[in-house]
Each structure stands twice: as C-alpha cells, then as structure tokens.
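Notes follow the structure.
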Amino acid sequence: MIAWLLACGGTAPGTDGDTPTGRVPEGALLGSQVRAEADGVWVSAPGVEGDGVVARLDRLSGDATLADASVVMRASEPGQVGGPFAVCDWDSGQAVAVGAPELGDRGRAWLVADPGPGETAIGAQPYAENRQDGAHTGSSVTCAPDLLLVGAPDTAAAAAGSGTVDVYVPGESGPDKIANVDTAFGGAHLGLRTGVLPGVDWDGDGTEDLVVGAPGSARAHVLPGPIQGSVLASAAGYVLQGEDGGELGYALATGDLDGDGALDLVLGEPGAGNGKGRLWVVRGPIDADHEGLLRNLAVSVGGVTQGAKLGFSLAVVGDVDVDGRDD
C-alpha cells in the first residue's frame, strides 16, 4: 500500500493554475508520511509550494490523485504543513495533528478536530507551540488515548539542543498542556521524528508508560506512567544505551515479535556501524533489569551496506505470515 502511494505520482488540488487536477510539482514530497486505515489512507505532501497538504484518500485501487481526496487539510501560508502528522482516534472523536517544525521561529503543531469532507484551512485551527525560539515544535506528533505528544527537539530546556516532548490533552479551545519531558543531555534532541512511543504498560503496573528516544545522546528512555508535570528523562525510569553516534531511538515501534503474549520494544539505531545502521529488539516486559547497554540486553539486526541506515524508520505490521508472531 505504501509503495502504491509513493509510486502514484498524485495530484494536488490547485497546483496547476486555477484547476484542481494538476500533477504534484517537483519537490512536493508526496508520501513524506503515510497512515493506512482499513478503508482509506492519509498522506502528506509538505513540499507543495506555498501551502502543503495532508489528505485522506478513500480509493485504494487503481490510479488515484490528491484531487480524489475526501479530506484535504491545507496551509494558508508557507511552512504551516510539515511532514509529520498523526491521526488521533479519541473518545471525543477523530482528530488530526499536523506538525510544522519550520514555521516561524518556534514551529507549531496544529490540531484539526473531526476533519470532515472537503477542505480545511490549517491556519484557522487550534495549535500547540513551545515558547522557545528555535524549538522546532512539531518535529514529531504522536497520539495516545486522549493525549497528544509533541516533540520540540531543539529546545534548550536543560542544555543546548536537549529537546522536549510536551504532553497535551484535548481542550475546548485547543490542546491543554499537562506535562513536559526533558533531558539533561545537551544535543540529545529528545522528541525528534518518530522517537516517541506512548500507550504501552511496559512494567506491568497497570499504567501506560512512555518511551522517548534521544538520538543525539544515543539513548532511549523508558518512563513509567502516569506522565505528569515536569519529568527529567535522564533521571527517571530506565535508560537504554546505544553506540556513541549511533542515534539510538531515532525510530521506535512495538509488537509481540516472539509470540509470548508480551509486547516487545523495537529501536532503530541508523547511525550505528558508521552508518550501516541497526535495529534492536528488547523483549517485554521492561523493568529496571533492562537498564544499561543494549548489546547486553537485546537482540539486533545490523545493516550490511555503508550508508544503509537500517533503523531509520520502523513499523510492526502484525502477523502477516500467520505464525503467531508479529512481523
């Protein structure tokens, strides 16, 4: 499905003069991020000149273009639509969070509640914003049950470039911030890209925990829930340590890969081995016994080609081969 989207070429409403059926121009970055659902697919094209779009396609066979999209979320000024987005299936209804890390001095994450058929202007919607210049708010946007997590990897909360993950709940007038996760390590870039994984009870205490990658410091932090107030990741929970310069935690995923009924943690380390990359699997549940160097705690698969950057992106897709284990 993803290969189909990236190969389709697509069109972007309004990109060919006054007609809504022009081909996506060079640099549109169609397929920068994709979210597949049972009856459709969401796709972003943040490079569409002047605005950028996030759209939903209901047509999953044959040729389709963005002109066929049932929902289009369009920016009203350059920089408002970035590559990151997340579809939030909350008790209050569906919402779409759209990251715009390059907007202005701080970046933003917009929240579109109940995106209906037709076109929606992103700029008119509520948003979350880190108050620090250069934060790149919205570099990651992640949903959990009735929570929105927004990464701002270039904040200097404790040290230059340490990064922050801000936690919000949906409010009547927009996202309400309830917590923030920081680290004491400069250049850690907490909250970068897909390095935020909420919604799993790793230690079995009945409360959902949070895993955040800090690729700049080659660490991933497993933080016991609930996440409330100000949390210093480098002093709370369990630390998984990777290779220096390996960018551990750049991408995170979860699934039951060994079929034992417990979720396992998958971590990408794309800079390992001088850029060959590596992915790690830590078998769940995860507790204090799992803290330390990953090479002593986990199994791994390494890249074989220089520059391959294995682990740059991860997805657990369920039990595709029906052997009782997720793939």
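The values are calculated or read from the model by the stated rules, or taken from the named source; none is laboratory data. It should be emphasised that the depicted structure is a prediction, and the values quoted were computed from it without experimental measurement. Don't worry about glycine lacking a Cβ; one is built from the backbone with ideal geometry, like all the others, and counts go over all protein chains shown.
Restricting attention to region 254-265, which residues are crowded, with 17+ Cβ neighbours inside 10 Å and either more than 16 Å from the chain's Cα centre (by Cα) or closer than 22 Å to GLY187 by Cα (or both)? Answer for region 254-265, where residues must be crowded, with 17+ Cβ neighbours inside 10 Å and either more than 16 Å from the chain's Cα centre (by Cα) or closer than 22 Å to GLY187 by Cα (or both): GLY255, ASP256, LEU257, LEU263, ASP264. Looking only at region 98-109, residues that are part of a strand (DSSP E or B) and over 16 Å from LEU192 (Cβ atoms) come to 2 in all.
Residue by residue, here is whether (1) in contact with a Pro (Cβ under 7 Å, 6 or more places away or on another chain); (2) buried (at least 19 other Cβ atoms within 10 Å of the Cβ); (3) acidic (Asp, Glu) holds:
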residue	(1), (2), (3)
VAL81	yes, yes, no
PRO84	no, yes, no
GLY93	no, no, no
VAL96	yes, yes, no
ALA113	no, no, no
ILE122	no, yes, no
TYR127	no, yes, no
ASP133	no, no, yes
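Quick grid of which residues meet (1) surrounded by 20 or more Cβ atoms within 10 Å (Cβ to Cβ); (2) in contact with a strand residue (DSSP E or B) (Cβ under 9 Å, 6 or more places away or on another chain); (3) at negative phi; (4) not in a strand (DSSP E or B):
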residue	(1), (2), (3), (4)
GLY186	no, no, yes, yes
LEU192	yes, yes, yes, yes
GLY204	no, no, no, yes
THR207	no, no, yes, yes
GLY225	no, yes, yes, yes
ASP244	no, no, yes, yes
LEU252	yes, yes, yes, no
LEU267	yes, yes, yes, no
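Among the residues making up region 262-312, those that are in contact with a Ser or Thr (Cβ under 7 Å, 6 or more places away or on another chain) and over 26 Å from THR207 (Cα atoms) are LYS276, ARG278, LEU279. Tallying residues that are assigned to a loop (DSSP other than H, G, I, E, B) and among the charged types (D, E, K, R) within region 277-308 yields 3.
Only residues that are farther than 19 Å from ASP326 by Cα and either free of Cβ contacts under 8 Å to residues at least 24 places away in the same chain or touching a helix residue (DSSP H, G or I) at 6+ places or on another chain (Cβ under 9 Å) (or both): list them for region 261-277, please. GLU269, PRO270, GLY271 - these are the residues of region 261-277 that are farther than 19 Å from ASP326 by Cα and either free of Cβ contacts under 8 Å to residues at least 24 places away in the same chain or touching a helix residue (DSSP H, G or I) at 6+ places or on another chain (Cβ under 9 Å) (or both). Among the residues of region 135-166, those that are part of a strand (DSSP E or B), surrounded by fewer than 24 Cβ atoms within 10 Å (Cβ to Cβ) and in contact with an Asp or Glu (Cβ under 8 Å, 6 or more places away or on another chain) comprise CYS143, ALA144.
Cβ-Cβ under 9 Å, sequence separation 6+ or interchain: first residue in region 306-319 and more than 16 Å from VAL266 (Cα to Cα) and at pLDDT 90 or above, partner in a loop (DSSP other than H, G, I, E, B) and not aliphatic (A, V, I, L, M). Which pairs? Going by the 9 Å Cβ cut-off, the qualifying pairs are GLN306/LYS276; GLY307/LYS276; ALA308/PRO270; ALA308/LYS276.
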